[in-house]
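Have a look at the structure that comes next, please.
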Amino acid sequence: MKLTMYQVDAFTDCLFGGNPAAVVPLPEWPDTGLMQQIAAENNLSDTAFFTGTGGHYELRWFTPLAEVDLCGHATLASAWVLYHRLQAGSGRLYFSTRSGELTVTRSGDRLAMDFPSQPATSCVAPPELLRAIEVEPEEVLRAEDFMVVLQNERQVREVEPDLFLLKEIPLRGVIITAPGGTADFVSRMFFPKLGIDEDPVTGSSHCSLTPYWADKLGKTKLFARQLSKRGGEIQCELDGRRVRLLGGCVEYMQATINV
């Protein structure tokens, strides 16, 4: 079987920036184990697989180690492939996923994703989390991941967490965030339990970051930067129980998978 694969840098306007995602359109679903093997072979933070036609698709995401419930940058990349390479037209795209129905629309030269808001709640930080980051947090919260709030952007840039200790925390990963000097807020994300030491740009985590900073800053439209080595930018908007995330994409390559 030959499958076409696209690799797209998401949440960026520059090649080699943002977060690279692999996107594999499928005529029908193969065995889950095969998709996991392809994702492991790609060794990117996420590989997206979708089936469907006519603007309605089923979408799944795999890290090198596991299938995940929600992935922002690989959804953005999948929509870009549909709009720009598979002639999906210019209308709204509907994705059926493990996190419910997600939609993507064009917004000028950006794509806008409509995701569920996932507000974080204050919690007591696990000792291994505090030992891993070695910085006194302003606040620690939890949703799907732990959210560690630091005082300023410099602390976020300089933190070097112990990845082995982070594998022991009870949640999926950890978000490090603070008010931004060059954006409304900044962040970095670490998911070593999923085979991703540091994720370059993480759309799903902004489903928790957006409601948190919207409340703290008193506004619903925010500009976010993720401070990984590749870097990325996300326009965020809180709309009730939904979060709207806007970003750009750049294609890196097309390839053929032989399986």
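The numbers here are math on the coordinates, done by the rules we state, and not lab data. Just so you know, these numbers come straight off a predicted model, no measurement behind them. Neighbour counts are summed over all protein chains in view; Cβ atoms, including those assigned to glycine, are modelled from backbone coordinates with ideal geometry.
If the reach is capped at under 26 angstrom between alpha carbons, list the lysines near Lys193, excluding any in the same chain fewer than eight residues apart.
By straight Cα distance, Lys193 reaches Lys167, Lys229.
Which of Ser107, Ser204, Ser99 has the fewest other C-beta atoms within 10 Å, and how do the rest follow up to the most?
Ser107, Ser99, Ser204
Just going by the charge dipole of the chain, with Lys and Arg at +1 and Asp and Glu at -1 on Cβ, which of Gly55, Val124, Tyr6 is farthest out on the positive end?
Comparing the listed Cα positions along the dipole, Gly55 ranks first.
Tell me, how many Å apart are the Cα centres for segment 65-94 and for segment 96-111?
7 Å
So which residue, out of Thr12, Thr32, Thr220, gets the largest mean-square fluctuation from a GNM of the chain using Cα contacts under 10 Å as springs?
Thr32
Find me the longest stretch of the chain that has none of the exposed trypsin sites (Lys or Arg not before Pro), where exposed means in a DSSP loop (not H, G, I, E or B) with at most 10 other Cβ atoms within 10 Å.
Result for the longest clean stretch: 1-228.
Treating only the Cβ atoms of Lys and Arg (+1) and Asp and Glu (-1) as charged, compute the dipole magnitude of the chain about its Cα centre; round to the nearest 20 debye.
Roughly 580 debye, rounded to the nearest 20.
Return the whole-Å distance between the Cα centroid of segment 183-259 and the Cα centroid of segment 1-62.
Segment 183-259 and segment 1-62 have Cα centres separated by 18 Å.
Looking at the chain as a GNM with Cα springs under 10 Å, which of Asp184, Asp145, Asp31 has the largest mean-square fluctuation?
Largest GNM mean-square fluctuation: Asp31.
So for segment 128-259, taking the charge dipole from beta-carbon charges (+1 Lys/Arg, -1 Asp/Glu), which of Gln155, Thr220, Phe185 sits furthest toward the positive end?
So the residue we want is Thr220.
A further question follows. How far apart, in nanometres, would the label points at Arg110 and Leu130 be if each is projected 7 angstrom from Cα along the Cα-to-Cβ direction?
Roughly 3.8 nm, to one decimal.
Also: Using 0.36 nm per residue of separation minus the Cα-Cα distance, give me the extension gain between Thr182 and Leu86 in nm, one decimal.
Additional length available on full extension: 30.9 nm.
Okay, next question. So if each residue of separation counts as 0.36 nm, and I subtract the Cα-Cα distance between Lys216 and Asp162, what length gain in nm does that give?
So the chain would gain 16.6 nm between Lys216 and Asp162.
For the chain, which span is the longest to avoid every loop-located (per DSSP) member of GluC sites (Glu not before Pro) having at most 13 other Cβ atoms inside 10 Å?
135-259
Only Cα pairs within less than 10 Å get springs; with that Gaussian network setup on the chain, which residue of Ser96, Ser78, Ser208 has the largest fluctuation?
Ser96
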